[in-house]
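S.K.: Can you read through this structure? Questions will come right after.
The values are calculated or read from the model by the stated rules, or taken from the named source; none is laboratory data. As the structure is a computational prediction, the values presented were derived from the model and not from experiment. All Cβ positions, glycine included, derive from the backbone under ideal geometry; neighbour counts span all protein chains shown. Heads up: the accessible areas ignore ligands, DNA and RNA and are worked out on the full protein's heavy atoms, side chains in. Shrake-Rupley method; radii C 1.70, N 1.55, O 1.52, S 1.80 Å.
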Amino acid sequence: MTTSPSSPFVKDQQPAPVPIWREALVGLDWLSLRTSPVFYGCGVPRGDGAAVVLIPGFLASDWYLFEIAGWLTRTGYRAELSRVGRNAECLDVIADRLFGTIEAARTATGRPVHLVGHSLGGMLARSAATRRPDLV
């Protein structure tokens, strides 16, 4: 594994060469998503009604997870937003709020809860799973 002096990346692990102007196509991406049968759950294996708690990343709140929550619901899962507020407070405070949501989801389904976290939310999910494996 060698790197060139101008690039800190290994040759076969370099970032994709996607030009920044492609970000202007966000509207087309949005439209493409909404016209896809997968967005509506067609051809996707159905879930078994298990609870899935979605945890936002650093400085974010649950608002940007609505799309995935809707998709999970359409495909047969019980999607729950974390209700931790803005993910920028003391981690112990956020974890306590998260455990409240996880416990409620566990009670509602009577089964272990799946956790999906983005960025710092993933670290919180992992922490919750190790601290309370009886819920996850």
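S.K.: Can you tell me the FRET efficiency between Ser119 and Cys42 if r is taken as the Cβ-Cβ distance and R0 is 35 Å, rounded to the nearest 0.05?
M.R.: Efficiency, rounded to the nearest 0.05: 0.70.
S.K.: If you roll a 1.4 Å probe over the heavy atoms of the protein chains, what accessible area per residue do you get for the chain, in Å²?
M.R.: I get 65 Å² per residue for the chain.
S.K.: In deg cm²/dmol and to the nearest 500, what is the mean residue ellipticity at 222 nm of the chain if only DSSP H runs of at least 4 residues count, each as -39500 (n - 2.57), divided by the residue total?
M.R.: -11500 deg cm²/dmol
S.K.: Let me make sure I get this right: for region 33-101, a, b and c are the square roots of the gyration tensor eigenvalues over alpha carbons, sorted descending. Under 1.5 in a/c it's rounded, otherwise prolate if a/b > b/c, else oblate. Which is it?
M.R.: Oblate.
S.K.: If you take the square roots of the eigenvalues of the alpha-carbon gyration tensor of region 62-116 and sort them as a ≥ b ≥ c, do you get rounded (a/c under 1.5), prolate (a/b over b/c) or oblate?
M.R.: oblate
S.K.: Please report, as a whole percent, how much of the solvent-accessible surface of region 7-136 comes from carbon and sulfur atoms (probe radius 1.4 Å).
M.R.: 62
S.K.: Would you work out which of Gly100, Val84, Val116 lies farthest towards the positive end of the dipole of region 81-121, given +1 charges on the beta-carbon of Lys and Arg and -1 on that of Asp and Glu, about the Cα centre?
M.R.: Of the options given, the answer is Val116.
S.K.: Restricting to DSSP loop positions (anything but H, G, I, E, B) with no more than 15 other Cβ atoms inside 10 Å of their own Cβ, which GluC sites (Glu not before Pro) remain in region 1-101?
M.R.: Glu89
S.K.: Could you order the peptides 26-32, 51-57 from most to least packed, using the average number of other C-beta atoms within 10 Å per residue?
M.R.: By packing density, highest mean first, the sequence is 51-57, 26-32.
S.K.: Give the shape of the chain as rounded, prolate or oblate, defined through the alpha-carbon gyration tensor: a ≥ b ≥ c are the square roots of its eigenvalues, a/c under 1.5 means rounded, and otherwise the shape is prolate if a/b is larger than b/c and oblate if not.
M.R.: oblate
S.K.: Quote the charge dipole size of the chain about the Cα centre in Debye, to the nearest 20; the model charges only the Cβ of Lys and Arg (+1) and of Asp and Glu (-1).
M.R.: Roughly 240 debye, rounded to the nearest 20.
S.K.: Solvent-accessible area of Phe39, probe 1.4 Å, all protein chains present, reported in Å² to the nearest ten, please.
M.R.: The accessible area comes out at roughly 20 Å².
S.K.: Show Thr101, Thr107 ordered by accessible area, largest first, where the area counts protein heavy atoms only and the probe is 1.4 Å.
M.R.: Accessible-area ranking of Thr101, Thr107, largest first: Thr107, Thr101.
S.K.: Can you give the alpha-carbon Rg of region 10-54 over 2.2 N^0.38 Å, where N counts its residues?
M.R.: Ratio of Rg to 2.2 N^0.38 Å for region 10-54: 1.79.
S.K.: Using only the Cα atoms, what convex hull volume per residue in Å³ does region 91-133 have?
M.R.: 60
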